[in-house]
Amino acid sequence: MNQLFNLSGRTALVTGSARGIGFALAEGLATAGARVILNGTRADTVADAVSRLDAKGFSAQGRAFDVTDEQAVADAFAQWDKDGVKIDIVINNAGIQFRKPLVELELSDWQRVIDTNLTSAFIVSKQAAQRMIARGTGGKIVNIGSLTSEAARATVGAYTAAKGGIKMLTRAMSAEWAASNIQANAIGPGYILTDMNQALVENAAFDAWVKNSNPSQRWGRPEELVGTAVFLASPASSYVNGQIIYVDGGWLAVL
Ligand code: GCO
């Protein structure tokens, strides 16, 4: 049974993993035996995150690049090619939030959210899948969706469109890559205690809404996403494709 969830000998790239959910997922995959590559836009915060994993005895390295920049992503993969680094698992976690009503939303802000939360998953996964297919070794793509992959909330329209796109991009990836033994799936986190949500946690009315409209009656913790990520990154999910697993305390299951 342990072998089903063993990631030893595998290398996992986790985008947007200097903190929050991305860092928790990277640490979780490292705990399951993977060598993890952390990513963020700032070299200093990536280096700090790597040192935190190193201090726990995990095999970690980092590379700072902008996942929305196609050339920067191509350069990163080219460097991994030169270094003999073969990426077996990609977790497309990079994401931002921008809360504003659609009628007030600037196109530039819309585009930035779409680029970071959706397009980056295409850019990064394209580079990874090209190599997985060429190697014939298969691989794992885990996209991070959201409750808003399924249900909308006012004032987060760009984020909702992007996360809805993540659900369907995941299915598109499985349609094209499953025959190459690449399983593409997604995780839909509920309301999780992260820096991105701090303003919501501190808003008493929103905090009450999250707790009252969720059968678990609480926010989730980043580490509560790790089990699903390890499952989707491991041999245990070798015949799971195009799915999104909501880790939301039961939110979407109830009215
Ligand atoms: C918001 C939140 C949500 C959560 C999460 C829910 O403003 O509503 O940021 O988007 O972060 O995505 O699944």
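Values computed for the structure shown
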| quantity | calculated |
| --- | --- |
| Candidates Ile133, Ile114, Ile187: whichever shows maximal mean-square fluctuation once the chain is modelled as a Gaussian network with Cα springs under 10 Å | Ile133 |
| Neighbour-limited loop hits for trypsin sites (Lys or Arg not before Pro), the stretch 120-190 (at most 11 other Cβ within 10 Å; DSSP other than H, G, I, E, B) | none |
| In the stretch 33-138, the GluC sites (Glu not before Pro) that fall in loop regions by DSSP, at most 16 other Cβ within 10 Å | Glu106 |
| Candidate lysines for bridging to Lys211, where Cα separation is under 30 Å - those fewer than 8 sequence places away on the same chain excluded | Lys100, Lys163, Lys167 |
| Overall Cα dimensions of the stretch 41-170 - principal axes, largest extent first, Å | 48, 34, 26 |
| Eligible aspartates and glutamates near Lys56 by straight Cα distance, threshold 18 Å, same-chain separation 8 or greater | Glu27, Asp48, Glu223 |
| Scaled radius of gyration (Cα, divided by 2.2 N^0.38 Å) that the stretch 1-97 gives | 1.02 |
| At q = 0.09, 0.12, 0.16 Å⁻¹, base-10 log of I(q)/I(0) for the chain (Debye sum, equal scatterers on each alpha carbon) | -0.37, -0.67, -1.21 |
| Environment charge of Gly165, counting only residues whose C-beta is closer than 14 Å and scoring Lys/Arg +1, Asp/Glu -1 | +1 |
| Stretchable slack from Val201 to Arg99, in nm (0.36 nm times residue separation minus alpha-carbon distance) | 35.3 nm |
| Pairwise centroid distance, computed over Cα atoms, of the stretch 118-163 with the stretch 59-115, Å | 10 Å |
| The stretch 1-44: trypsin sites (Lys or Arg not before Pro) falling in loop per DSSP and having at most 10 other Cβ within 10 Å | Arg42 |
| Using θ = phi - 60° and Karplus 6.51 cos²θ - 1.76 cosθ + 1.60, couplings along the stretch 238-253 (whole Hz; Gly, Pro as x) | 5, 10, 9, 8, x, 9, 10, 9, 7, 10, 9, x, x, 3, 7, 7 |
| Cα-based convex hull, the stretch 127-214, per residue volume (Å³, whole number) | 111 Å³ |
| Span-rule helices in the chain, defined as complete DSSP H runs reaching 24 Å or more along the axis (Cα) with Kyte mean at least -1.0 | 157-177 |
| Estimated distance in nm for a label pair at Asp44 and Tyr239, the labels positioned 7 Å out from Cα along Cα-to-Cβ | 5.1 nm |
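FYI, it's all coordinate maths here, none of it is from the lab. Given the structure is predicted, the values throughout are model-derived calculations rather than measurements. A quick note on method: Cβ atoms are made from the backbone with ideal geometry, for glycine too, and the neighbour counts reach across all protein chains shown.
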